[in-house]
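S.K.: Got a structure for you, questions after.
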Amino acid sequence: MPDLSAAAFAHPNIAFIKYWGNCDPESRVPANGSISMNLAGLESRTTVMFDESLADDELKLQGEPAPGAALARVGHFLDVVRRLAGIDAYAKVVSENNFPMGVGIASSASAFAALALAATRAAGLDLPEIELSRLARLGSGSACRSVPGGFVEWQVAGCEEDSHAFSLAPPDHWDLVDNVAIVDREHKRVGSTEGHTMAHTSPLQRARVDDAPRRLDICRRAILDCDFEDLAEIMELDSNMMHAVIMTSEPSVMYWNPATLAIMREVTAWRGEGLPVCYTIDAGPNVHVIVLAESSDAVQARLHQIPGVLEVITARPGGPAHLLPTP
Ligand code: PMV
């Protein structure tokens with residue numbers, strides 16, 4: 001057998017136009033397209049070693065044996081890789097994030113992007129980026145957006161299995177900064193995998209999905225033209241629309257807490273004063289405050305003054321998933 005180990009690295013991403021709800025939950029084909037930015041400085045590093053002598057897959061997360069549910073999800077993903085590569089050995093997977101998990105920075109996105117690359121290489125496959133993105137999607141939908149670099153679009157055409165992400169522009173295209181204002185360090189109560197299954201129960205989801213091509217066009221154009229004002233407006237609208245769906249789903253979920261709302265209000269007020277700043281919020285209470293790099297220090301200082309802000313994590317546009325030397 002060839003050397004059956006490989007290591008890879010990927011960044012998480014923040015969606016400017018959100019993925020919420022699936023056409024097909026099993027293969028995570030999304031109900032609507034989405035656009036995101038990879039987050040440099042934040043990363044998952046994953047090593048995979050297939051080994052004929054193992055009796056089952058093994059997963060270590062942050063240096064500890066992973067809980068059963070996480071191991072089952074990774075095992076299911078590795079089954080797909082094994083089928084693709086025509087091997088049947090189990091694997092030892094070791095994954096580390098350099099940022100806190102479950103706080104509204106999508107650790108599953110970077111984790112499954114890194115796993116897709118490391119596992120396929122370890123299994124002797126060399127997939128093109130599109131196929132790697134498609135594969136990463138099976139682990140966590142948004143992971144398909146952490147495979148390509150910079151500003152990334154995940155397109156949907158009908159409900160096709162082919163759905164994957166590609167780069168719209170490289171990381172150095174636009175000097176944006178994501179200041180993630182952490183207001184709660186607890187794991188979210190309702191994870192996104194469960195949230196996607198509830199999306200269709202909201203009477204607002206149909207309208208959100210139907211209007212998605214329009215929001216995607218505006219967002220894509222704003223990124224390509226580096227038009228912050230247009231980006232800000234469409235990003236906040238899209239985030240509010242996703243949270244409106246979440247609040248009106250069955251059962252209803254409210255991810256925001258008072259500090260979340262305080263930041264949203266301040267950010268829109270600061271933009272009114274002329275600061276190039278806007279917000280977007282994933283499935284949790286923490287707020288991603290997006291700002292032009294030249295104003296980032298000023299915005300960080302203001303965020304720290306808002307009661308309830310525990311920490312601000314900063315990230316610039318990041319590159320694609322890539323291989324690392326095997327340890
Ligand atoms: O990829 P998932 O299943 O973790 O879903 C991601 C959902 C959001 O983060 C809320 C939106 C997005 O597009 O990243």
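S.K.: For segment 245-263, what are the residues that are of a type in the set (A, V, I, L, M), buried (at least 20 other Cβ atoms within 10 Å of the Cβ) and within 21 Å of the chain's Cα centre (by Cα)?
M.R.: VAL245, ILE246
S.K.: May I ask you to list the residues in segment 310-325 that are crowded, with 19+ Cβ neighbours inside 10 Å and assigned to a loop (DSSP other than H, G, I, E, B)?
M.R.: Correct list: GLY318, PRO320, ALA321.
S.K.: Out of curiosity, is SER239 under 19 Å from the mean Cα position of the chain (by Cα), among the polar types (S, T, N, Q) and crowded, with 21+ Cβ neighbours inside 10 Å?
M.R.: Considered against the rule, which asks whether it is under 19 Å from the mean Cα position of the chain (by Cα), among the polar types (S, T, N, Q) and crowded, with 21+ Cβ neighbours inside 10 Å, SER239 comes out as yes.
S.K.: Continuing with this model, one more query. Right, ARG121: under 19 Å from ALA6 (Cα atoms), at pLDDT 95 or above and loosely packed, with under 14 Cβ neighbours inside 10 Å or not?
M.R.: no
S.K.: Whether any residue in segment 18-27 is in contact (Cβ under 8 Å) with a residue 12 or more places away in the chain and among the polar types (S, T, N, Q) is what I want to check.
M.R.: yes
S.K.: To continue, here is another question. Go through segment 1-30 and give me each residue that's within 11 Å of the ligand (Cβ to nearest atom) and not charged (D, E, K, R).
M.R.: Correct list: PRO12, ASN13, ILE14, ALA15, PHE16, ILE17, TYR19, TRP20, GLY21, ASN22, PRO25, PRO30.
S.K.: Tally the residues that are more than 11 Å from the chain's Cα centre (by Cα) and β-branched (Val, Ile, Thr), restricting the search to segment 1-37.
M.R.: Here the count works out to 2.
S.K.: Okay, moving on. Quick one: in segment 188-212, of everything that is polar (S, T, N, Q) and either farther than 13 Å from SER249 by Cβ or surrounded by fewer than 14 Cβ atoms within 10 Å (Cβ to Cβ) (or both), which residue is modelled with the highest pLDDT?
M.R.: If we take residues in segment 188-212 being polar (S, T, N, Q) and either farther than 13 Å from SER249 by Cβ or surrounded by fewer than 14 Cβ atoms within 10 Å (Cβ to Cβ) (or both), then THR197 is modelled with the highest pLDDT.
S.K.: Out of ARG265, ARG221, ARG215, ARG206, I need the residue that is of a type in the set (D, E, K, R) and within 13 Å of the ligand (Cβ to nearest atom). Which one?
M.R.: After ruling out the rest, the residue left standing is ARG215.
S.K.: Could you tell me whether ARG302 is among the basic types (Lys, Arg) and either more than 22 Å from the chain's Cα centre (by Cα) or closer than 11 Å to THR260 by Cα (or both)?
M.R.: Criteria met by ARG302.
S.K.: Of the residues that sit in segment 133-167 and are part of a helix (DSSP H, G or I) and surrounded by fewer than 23 Cβ atoms within 10 Å (Cβ to Cβ), which one is nearest to the ligand (Cβ to nearest atom)?
M.R.: LEU138
S.K.: Anything in segment 168-184 that is more than 16 Å from the ligand (Cβ to nearest atom) and in contact with a His (Cβ under 7 Å, 6 or more places away or on another chain)? List them, or say none.
M.R.: Selection gives nothing.
S.K.: A further question on this structure: Working carefully through the options GLY86, GLY124, find the one that is without any contact (Cβ under 8 Å) to a residue 12 or more places away in the chain, closer than 30 Å to LEU54 by Cβ and more than 13 Å from the chain's Cα centre (by Cα).
M.R.: Result: GLY86 is the single residue among GLY86, GLY124 that is without any contact (Cβ under 8 Å) to a residue 12 or more places away in the chain, closer than 30 Å to LEU54 by Cβ and more than 13 Å from the chain's Cα centre (by Cα).
S.K.: Would you be able to say whether some residue in segment 91-108 is among the small types (Gly, Ala, Ser), near the ligand (Cβ under 10 Å from one of its atoms) and touching a Cys at 6+ places or on another chain (Cβ under 9 Å)?
M.R.: No - not one qualifying residue is present in segment 91-108.
The values are calculated or read from the model by the stated rules, or taken from the named source; none is laboratory data. This is a predicted model, so every value here is computed, not measured. In this analysis, Cβ positions are derived from the backbone assuming ideal geometry, glycine residues included, and neighbour counts consider all displayed protein chains.
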